[in-house]
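Data first, discussion second: the structure below is written as structure tokens.
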Amino acid sequence: MQPEYLPFPALLCSVLSISRQHYEVTLDPGRALLSWRKLRPRSVKGRTRAGSVTVPLTEIVSVEEAEIDGKYCNSMKWQHMCKPHAFTVRYIKRMKKHRWRCGEVTFWCSEEQMCCHWLQALNDALNQQTHRPKHLLVYINPYGGCKKGKQIYEKKVAPLFSAAGIAADVVVTEYANHARDNLYDVNLEKYDGIVCVGGDGMFSEVLHGLIGRVQKDSHIDHNNPSACLSRCSIRIGIVPAGSTDCVCYATVGINDPVTSALHIILGDCQPLDVCSIHHKKNFLKYSVSLLGYGFYGDVLKGSENNRWLGPARYDFSGFKTFLTHHWYEGTVSFQPAKWVIGSPRDNKPCTSGCHVCRQSSKQLQELQKEQNCRFEHSEEEWTTIKGKFMAINAVSLSCACPRSPKGLSPAAHLADGSADLILVRKCSRLNFLRHLIRHTSKKDQFEFPFVEVYRVKNFQFTPKHFEEYDTESTDIGNVSKKNFAQICTDHPSCVCSHVNSSWNCDGETLDQTAIEMSDKKVKRRLLLMT
Ligand SMILES: Nc1ncnc2c1ncn2[C@@H]1O[C@H](COP(=O)(O)OP(=O)(O)OP(=O)(O)O)[C@@H](O)[C@H]1O
Ligand SMILES: CCCCCCCCCCCCC/C=C/[C@@H](O)[C@H](CO)NC(C)=O
Ligand SMILES: [Ca+2]
């Protein structure tokens with residue numbers, strides 16, 4: 001029996017079987033939908049509408065001829081008919097809290113020709129999804145998180161990539177920065193994307209490798225803070241297997257390897273703000289999540305010696321750091337991001353296809369055109385704040401993660417060209433604890449007199465002692481200024497709780513404490529190709 005072709009757009013509609021039940025199956029190219037609904041025995045009132053399933057064609061993972069086992073063929077049902085033919089469709093099933101799973105349904109056809117029609121029509125529809133990756137380079141960090149990156153990839157991700165017809169070249173890293181170094185040598189033309197199986201640090205490695213490679217190929221010196229960096233066309237994905245996984249969590253809404261793998265297969269895409277960090281004319285790092293001084297810098301530093309604890313190392317170090325209650329003196333200067341349409345306290349979290357990001361990016365481009373390349377050093381007013389701080393955090397995205405589902409700045413945007421600068425001034429232990437705990441509740445963590453938050457285009461930080469080291473002050477005689485910090489630390493009556501903290505840059509510790517950060521829109525990241 002030929003499938004029924006209805007008038008343009010040519011729908012394909014057949015009665016097929018699923019688990020011995022008859023269903024009306026419809027492929028509607030015009031609406032880009034595949035749907036099927038159970039046919040119940042005709043009642044007096046005609047066909048009763050049973051439960052039906054509708055799947056957007058963009059969410060079909062794969063279509064293939066079904067394996068038919070002999071047992072089923074020999075069942076009474078088929079004995080009087082020719083050999084049955086079937087095809088299997090895998091598709092996205094949306095679960096709770098942004099979790100995705102791969103649904104699977106097998107349609108049985110009475111004739112081989114009908115089965116071929118359906119396979120051809122569905123594969124034609126899939127082939128029109130040209131933004132989907134076909135060949136990926138996968139870096140696995142066996143060392144991050146709970147050290148299960150390899151198992152996670154082999155058991156949960158590789159089977160989905162294979163079902164979707166994606167070829168993957170896999171590199172299990174052998175040392176820190178193996179992936180970053182490797183990216184300077186591989187032939188990137190071969191790949192539709194780079195996938196990192198690990199946490200934020202692994203993503204940061206791949207980010208640095210890709211951006212560094214592209215700037216090197218474009219002969220751009222990234223040591224120049226005002227350099228307009230070349231954009232990277234190749235996309236990065238993350239399969240979360242780290243401890244914090246905040247880059248994945250802040251874009252996907254969950255750090256689940258299967259969910260991320262399915263987004264990768266569909267080729268979902270999200271631009272991402274990337275900040276560059278310099279010390280004078282020396283490039284230090286790029287950052288996409290947290291650039292944190294004080295509390296988060298000390299937490300990270302204290303956790304590095306306890307990697308054997310896995311993700312719990314941050315909790316242990318966080319508790320110890322909280323008890324020390326260190327604060328740090330210095331000067332923060334920043335330029336506001338005047339083009340953005342949002343603010344850190346507008347309670348408008350960034351979502352897929354975000355209007356705030358789109359509109360802010362548009363306004364940023366218009367401003368950059370007006371100012372040509374002076375944009376990086378525009379004379380807009382700088383705001384300068386001197387003080388004693390518990391924490392100085394600059395976040396390019398919310399930094400939402402399992403520990404803090406809202407993140408450090410819940411309304412920070414993924415691609416608005418700005419970062420949220422959060423200043424937590426010296427306060428009592430109790431007040432600091434109240435501020436921290438609000439990161440895990442629905443309450444506003446900025447609603448304290450000692451907390452300020454600004455949406456900025458760039459900022460600079462100079463620690464107090466570094467200032468004195470740099471100034472031409474003569475009041476400390478011939479003592480070499482660079483030892484001032486040491487004197488301060490050694491002197492029991494010194495009121496500085498601690499001379500300097502260190503910067504936590506996306507989970508890696510920076511050597512420098514005096515830095516300048518600016519936002520560079522260089523990276524398109526496969527959204528949820530994470
Ligand atoms: N084979 C390896 N051996 C040792 N270190 C590695 C290896 N591969 C990668 N690394 C380094 O391990 C560090 C941590 O990796 P990753 O970020 O994946 O895990 P994590 O720190 O537990 O997660 P998160 O950053 O999300 O908290 C990264 O800085 C990376 O450079
Ligand atoms: C006593 C209760 C205190 C609760 C405090 C919860 C605050 C959690 C905030 C987590 C923010 C994580 C920011 C992410 C930073 C990442 O770039 C980095 C690398 O993954 N992770 C860390 C922990 O520095
Ligand atoms: Ca941002």
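The values are calculated or read from the model by the stated rules, or taken from the named source; none is laboratory data. Note that this is a predicted model, so its numbers are computed, not measured. No Cβ is skipped: glycine too gets one built from the backbone with ideal geometry, and neighbour counts run over all protein chains shown.
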Quick check: is even one residue across the stretch 271-284 without any contact (Cβ under 8 Å) to a residue 12 or more places away in the chain, farther than 16 Å from Cys401 by Cβ, among the polar types (S, T, N, Q) and outside the structural domain of Val206 (by TED's automatic domain parsing)? no
Taking the stretch 408-419 and keeping residues under 19 Å from Thr440 (Cα atoms) and in contact with a strand residue (DSSP E or B) (Cβ under 7 Å, 6 or more places away or on another chain) leaves Leu408, Ser409, Ala412
Which of the helices (runs of 4 or more DSSP H) found entirely inside the stretch 278-397 contain at least 2 residues meeting this: over 24 Å from Met202 (Cα atoms)? 312-324, 355-371
Give me the pairs, please: first residue somewhere in the stretch 402-425 and on the phi > 0 side of the Ramachandran plot, second residue anywhere and in a loop (DSSP other than H, G, I, E, B) and more than 7 Å from ligand 3 (Cβ to nearest atom), beta-carbon distance under 9 Å, and either six or more positions apart or on two chains. Gly407/Pro349; Gly407/Ser398; Gly407/Cys399; Gly407/Ala400; Gly417/Ala337; Gly417/Trp339; Gly417/Val340
Quick one: what pairs do we get from the stretch 501-523, first residue assigned to a loop (DSSP other than H, G, I, E, B), second modelled with pLDDT under 90 and aromatic (Phe, Trp, Tyr), C-beta under 7 Å, 6+ apart or different chains? Thr513/Phe466; Ala514/Phe466
I'd like the full set of residues that are in a helix (DSSP H, G or I) and of a type in the set (Phe, Trp, Tyr), limited to the stretch 186-230. Phe203
Based on what the data block shows, is Lys156 in contact (Cβ under 8 Å) with a residue 24 or more places away in the chain, more than 22 Å from Glu304 (Cα to Cα), outside any strand (DSSP E or B) and not aromatic (Phe, Trp, Tyr)? yes
Conditions (1) closer than 20 Å to Ser289 by Cα; (2) more than 16 Å from ligand 3 (Cβ to nearest atom): number failed by Asn223: (1)
Among the residues of the stretch 423-433, is any closer than 23 Å to Thr244 by Cβ, at pLDDT 95 or above and in a helix (DSSP H, G or I)? yes
Top-ranked residue in the stretch 231-252 [being among the small types (Gly, Ala, Ser) and outside any strand (DSSP E or B); ranked as farthest from ligand 3 (Cβ to nearest atom)]: Ala241
In the set Asp256, Asp268, which member is at pLDDT below 95, crowded, with 21+ Cβ neighbours inside 10 Å, more than 16 Å from ligand 3 (Cβ to nearest atom) and of a type in the set (Asp, Glu)? Asp268
Reported set for the stretch 413-434 where residues are closer than 22 Å to Thr331 by Cα and either of a type in the set (A, V, I, L, M) or surrounded by fewer than 24 Cβ atoms within 10 Å (Cβ to Cβ) (or both) is Ala419, Leu421, Ile422, Leu423, Val424, Arg425, Lys426, Cys427, Ser428, Phe432
Of the listed residues (Val214, Val170, Val206, Val195), the one being farther than 22 Å from Ser396 by Cβ and in contact with a strand residue (DSSP E or B) (Cβ under 6 Å, 6 or more places away or on another chain) is Val170
Go through (1) away from ligand 2 (no atom under 13 Å from the Cβ); (2) β-branched (Val, Ile, Thr); (3) closer than 30 Å to Phe322 by Cβ for Val206 and report which single condition fails. (3)
Does the stretch 407-419 include one or more residues that are in a strand (DSSP E or B) and either of a type in the set (A, V, I, L, M) or more than 16 Å from ligand 1 (Cβ to nearest atom) (or both)? yes
Would you check which residues across the stretch 1-21 are more than 15 Å from Cys115 (Cα to Cα) and either at pLDDT below 90 or part of a strand (DSSP E or B) (or both) and list them? Leu6, Pro7, Phe8, Pro9, Ala10, Leu11, Gln21
Are any residues in the stretch 305-320 among the basic types (Lys, Arg) and at pLDDT 90 or above, and if so, which ones? Arg313, Lys320
Pairs where the first residue, in the stretch 96-118, is of a type in the set (Gly, Ala, Ser) and the second is surrounded by fewer than 18 Cβ atoms within 10 Å (Cβ to Cβ), C-beta under 7 Å, 6+ apart: Gly103/Lys93; Ser110/Met1; Ser110/Met81
